[in-house]
Structures are given as structure tokens and as C-alpha cells.
1. Amide H to amide H under 5 Å from Val181: which residues, 5+ apart in sequence or cross-chain, H placed 1.01 Å off N in plane?
2. Can you find, among Ile273, Val35, Val116, the residue sitting farthest towards the positive end of the charge dipole of the chain, where Lys and Arg contribute +1 and Asp and Glu -1 at Cβ?
3. Put +1 on the Cβ of every Lys and Arg and -1 on every Asp and Glu Cβ in the chain; which of Thr60, Ser73, Tyr262 then has its Cα farthest towards the positive end of the dipole?
4. Each residue of segment 107-123 in turn: what ³J(HN,Hα) in whole Hz from Karplus with 6.51, -1.76, 1.60 and θ = phi - 60°, glycine and Pro shown as x?
5. GluC sites (Glu not before Pro), restricted to segment 151-246: which are DSSP loop and have at most 13 other Cβ atoms within 10 Å?
6. Could you pull out every residue, at least 5 positions away or on a different chain, whose amide H is within less than 5 Å of the one on Tyr3? Hs are placed 1.01 Å off N in the peptide plane, and Pro or chain starts have none.
7. State, to one decimal in nm², a quarter of the convex hull surface area for the C-alpha atoms of segment 47-157, i.e. the direction-averaged projected area.
8. Which option, (i) 7, 27, 29, 21, 12, 4, 0; (ii) 7, 31, 39, 21, 3, 0; (iii) 7, 30, 36, 18, 7, 2, 0, is the value of P(r) over Cα pairs in 10 Å bins from 0, in percent that was calculated from these coordinates?
Amino acid sequence: MKYGLVMEGGAMRGLFTAGVIDVLMENEITFDGAVGVSAGAAFGCNYKSNQPRRVIRYNTRFCHDKRFCSVSSLVKTGDMFGADFCYHEIPNKLDIFDYKTFNESPMEFYVVCTDVTTGKPVYRRCRVADDNELEWIRASASMPLASRIVEVGGMKLLDGGISDSIPLKFMEKTGYEKNVVILTQPRNYVKKKNNIIPLMKIAMRKYPQLINAMKNRHIMYNDELKYIRSSEQQGKAYVIAPDEKLPVGHIEHNQDILLEVYRIGRMTAMNKINEIKEFLDIK
């Protein structure tokens, strides 16, 4: 039986996921494969490189650095989260990403992006960590209006959460029979229509299928939550989610808030660790 891990996005809500996966790594819990969307991809890749606490370390260290995340970065580069600083300078110089461990790990790692020309999800297996694969991870986490379109693999890509926010179906179809699903919204969360569609129609007018995907995102998302509940009832999925809405927005420069969201993730995982091990048949 193959065991998988599914990591939702949510920008800085992803620090909840970081706290969860750090506890799983510290308890030496492994998976045959994992898929991350948006922040779930950008933070979740540290599971395959086996680097607990790296995510919270660099997020708190650089949260005030304008190169990391700022309006000035958006104006100067077209990316709220600086592409070169976040995906090259940090992992290569400032908080070293363990490329060797990532490349040698037997765990399959997938990221989800959205093809802006079709509005459909694109699933990429990142076999090795290199500049090309980092572009796929960057694309998965590139939010509309806050990021440039990323061109890689002959496609134009943006945030995977637009087209497949919680890719449990993908993992099941890929052969992962039991999956741990990390959500960054409470279980009772219901997504509503996006209120930035009028702005999207202007900014992304060249990509009508992307706009359609954004219009229907709340329907897709809520349907995925229903599917997750069904899989959970059948014993095929185990869900880890915050009990309440996380006290953080998409952008956050307050270290204390970042640490609190991370702490909530850690405590949630620690309280469920025995159930997780039982679900994964770990003796």
C-alpha cells in the first residue's frame, strides 16, 4: 500500500502546515509521495529534503526584508514575494536547501500549477532539486495579481490553488491508497465567491479560461472538501486542520504571528500523532 501526503496552500497560513510537517519529520514519519499546492509546495519540499524548522526559520528571519515580501518588490519586479531572493538567494546562500537529500530521497514529490491558457491544473513531479524545478515550485505559489506569470516547461503558469486547491483525487489516481491531508482552513470552512474577479477580468483579460477558473474556484474548492470528507469516512484519508481560523493573512510581517501559526500547527500534529501513526499502520 502506498501512503501519500497532501498539502493545501494558503500563503502564510502555510506556516500551519510547516508546523505539522516538522512534527511528522521529528517523529520519523515517512510517505511514499507528497503533493503540495502553492505554499504547500514551497514549504512542503522541505519534507523531501528532511529539513524540519527550516521554513519557520527563514520566514521569521526575512519577514521584514523587502526583498522577501513587499509592495516595493511587487512594483520593482512584478512579484510580491521576490523571485530571485526567495527561490535562489535564500536556498543557495542564506538558508541552504539540502539538494542532495532531496535528490536521494525515495519520496515522490509533486507540485500543482495552473495553466493560464486553459485554466486547468498541471501536475509536475519534481525528481531533482535544481533551478528548473524551483521554477515549477515558484509557479505553484505565484498568486494572481501578486506575481508575474511563470514560463516553464513551455507553459505559462500561476498558482495551483486556482484549479486544484486540495489534490486528493490526483494522489488517489496516482496510486496512493491512503493519504494524510493537511488543510489550512478549519473543517467547517466554506469558500465564497472571489471578490477580485472584476480586477482579474482587467489584469488577465488575455486569459479568459483562467478567469473562468477563478470564477468557479469556490465551487471546485467546496466540492473537494466534500470529496475529502467522503474519503475520510471510507478510511482512505486522515485530515489535519486547525480548529479555528488561523490568525494570519496572506501577507504577514509580524514574527510573533508567524510563530503562533507555526505553533498551532505543531500542537495540532502533536495531539494527533498517535492517530496519524495508526492511520499509516506505523507500529
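1. Val6, Tyr238, Val239, Ile240
2. Positive-end residue among those listed: Val116.
3. Ser73
4. 5, 6, 10, 10, 10, 10, 10, 10, 6, 5, 7, 10, x, 9, x, 10, 10
5. Numbers: sites: Glu151, Glu172, Glu177, Glu224, Glu232, Glu244; in loops: Glu177, Glu244.
Qualifying residues, ordered by number: Glu177, Glu244.
6. Counting only residues 5 or more places away or on other chains, the set is Asp32, Gly33.
7. Values: hull surface 28.0 nm².
Over every viewing direction, the Cα hull of segment 47-157 projects on average to 7.0 nm².
8. Identified label for the calculated read-out: (ii).
The values are calculated or read from the model by the stated rules, or taken from the named source; none is laboratory data. Given the structure is predicted, the values throughout are model-derived calculations rather than measurements. Please note: Cβ atoms are built from the backbone with ideal geometry, for glycine as well, and neighbour counts cover all protein chains shown. Protein only, heavy atoms only, side chains kept; ligands, DNA and RNA dropped before computing areas. Shrake-Rupley method; radii C 1.70, N 1.55, O 1.52, S 1.80 Å.
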